[in-house]
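The values are calculated or read from the model by the stated rules, or taken from the named source; none is laboratory data. In this text, all values refer to a predicted model and were calculated from it rather than measured experimentally. As a convention, Cβ positions derive from the backbone with ideal geometry for all residues, glycine included, and neighbour counts pool all protein chains shown.
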Ligand code: IPM
Ligand code: MG
């Protein structure tokens, strides 16, 4: 089959990690008889430098014309990069928010799984990490605070900033349905996370999730307040199967969940709309401090490429092959710096990509 993929190398370590993911995809293509057809587009700082904006309409059209988008990371050092002197709507992150909205990518899947081989990199106590964990964070991605109206005004000489958090029932329903569908393919448990003791948007969230749950009698639903969830993730992560939550809570909790897997460098993600189309990116950022040094961990991007094969192309066997190759590389004792522990062999970004490709 021919796979039409738009790539967004982006900024920082983005180009390096996308390169490694392509290496692995090319190996898959060769072994299983597929053709990869890649087109690159600019986004984030890379686009600002060329076009003055973080994402052009032409780039969005190119992305739409593909079957899936594979992305690295965007953004720079917020303290030192000139990109952050620009108005907020022209900064790198605005490009990412724009593409998510333009492609209607409302469902963000972030799996957090503890590889037994990385138990030593897990910062939790042994009693906790020994239980293992395997959860899927379902983050709503095109609503809430990140897309609400915002402004900064001055009233009587006092500066005031306003961000608005809005959800309508349809936005909540469609992500909840996705969450329950995924739970049906997993351990059939949904933990819906909100702040219903304070926020109206959370109270609506809870009511709609309860309604959707009626169609999934086999799934156990529980509601958890976000502050408690942050605590439970480090106290007893094994309790979670699917965590269903709104945009900002999901942003924060997925970073936390990834860190308990050992490193944020391991966490992949898929952002999906109503069709088979998706954007696949690691959950981590562009790590400008280590860019160009060949030390970044490409595994999150490689695992995102596996998610792409699974969700956009229904190529489960090929996706399994990538996931198995990652596991094998870890079993064989190879580690990038972020997941290194004693007795292992430390390798760089390109070497890690080669080692995984070799095991396909
Ligand atoms: C993420 C990132 C983005 C987000 C930023 C870069 C806008 O943190 O994908 O988690 O908040 O969604
Ligand atoms: Mg984030």
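Of all residues in segment 52-76, those that are surrounded by fewer than 16 Cβ atoms within 10 Å (Cβ to Cβ) and out of contact with any strand residue (DSSP E or B) (no Cβ under 9 Å at 6 or more places or on another chain) total 4. The residues listed here are 115, 32; of these, the one that is outside the structural domain of residue 149 (by TED's automatic domain parsing), out of contact with any strand residue (DSSP E or B) (no Cβ under 7 Å at 6 or more places or on another chain), modelled with pLDDT under 95 and surrounded by 14 or more Cβ atoms within 10 Å (Cβ to Cβ) is 115. In segment 238-251, the residue that is farthest from residue 104 (Cα to Cα) out of those that are more than 15 Å from ligand 2 (Cβ to nearest atom) and touching a strand residue (DSSP E or B) at 6+ places or on another chain (Cβ under 7 Å) is 240. Give the residue that is nearest to the chain's Cα centre (by Cα), with candidates limited to residues of segment 234-254 that are within 16 Å of ligand 1 (Cβ to nearest atom) and crowded, with 21+ Cβ neighbours inside 10 Å. In this case the residue turns out to be 254.
Annotation note: of 71, 43, the sole residue that is assigned to a loop (DSSP other than H, G, I, E, B) and within 30 Å of residue 329 (Cβ to Cβ) is 43. Each residue in segment 252-283 was checked for being within 13 Å of ligand 2 (Cβ to nearest atom) and touching a strand residue (DSSP E or B) at 6+ places or on another chain (Cβ under 7 Å), and 10 pass. The residues on offer are 96, 42, and the sole one that is under 22 Å from residue 20 (Cα atoms), in the same structural domain as residue 279 (by TED's automatic domain parsing) and without any contact (Cβ under 8 Å) to a residue 40 or more places away in the chain is 42. Criterion first (within 16 Å of ligand 2 (Cβ to nearest atom), touching a residue at least 24 places away in the same chain (Cβ under 8 Å) and touching a helix residue (DSSP H, G or I) at 6+ places or on another chain (Cβ under 7 Å)) does residue 167 satisfy it? Spelling it out, it is not the case that residue 167 is within 16 Å of ligand 2 (Cβ to nearest atom), touching a residue at least 24 places away in the same chain (Cβ under 8 Å) and touching a helix residue (DSSP H, G or I) at 6+ places or on another chain (Cβ under 7 Å). Summed over segment 268-301, the residues that are outside any helix (DSSP H, G or I) and within 13 Å of ligand 1 (Cβ to nearest atom) give a count of 13.
Could you go through segment 169-186 and let me know if any residue there is modelled with pLDDT under 95, more than 30 Å from residue 88 (Cα to Cα) and in the same structural domain as residue 242 (by TED's automatic domain parsing). Yes: one or more hits. Checking each residue of segment 304-320 against the condition of being in contact with a helix residue (DSSP H, G or I) (Cβ under 8 Å, 6 or more places away or on another chain), within 16 Å of ligand 2 (Cβ to nearest atom) and in the same structural domain as residue 32 (by TED's automatic domain parsing) gives at least one match. Out of all the residues in segment 73-80, is one or more more than 16 Å from ligand 1 (Cβ to nearest atom) and either at pLDDT below 95 or assigned by TED's automatic domain parsing to the domain that holds residue 315 (or both)? Yes, that holds for at least one residue. For segment 213-229, a tally of residues being out of contact with any strand residue (DSSP E or B) (no Cβ under 9 Å at 6 or more places or on another chain) and either in contact (Cβ under 8 Å) with a residue 24 or more places away in the chain or not assigned by TED's automatic domain parsing to the domain that holds residue 174 (or both) returns 3. Residue under question is residue 194, and the condition is that it be surrounded by fewer than 16 Cβ atoms within 10 Å (Cβ to Cβ), over 20 Å from residue 124 (Cβ atoms) and modelled with pLDDT of 95 or more; does it hold? Criteria not met by residue 194.
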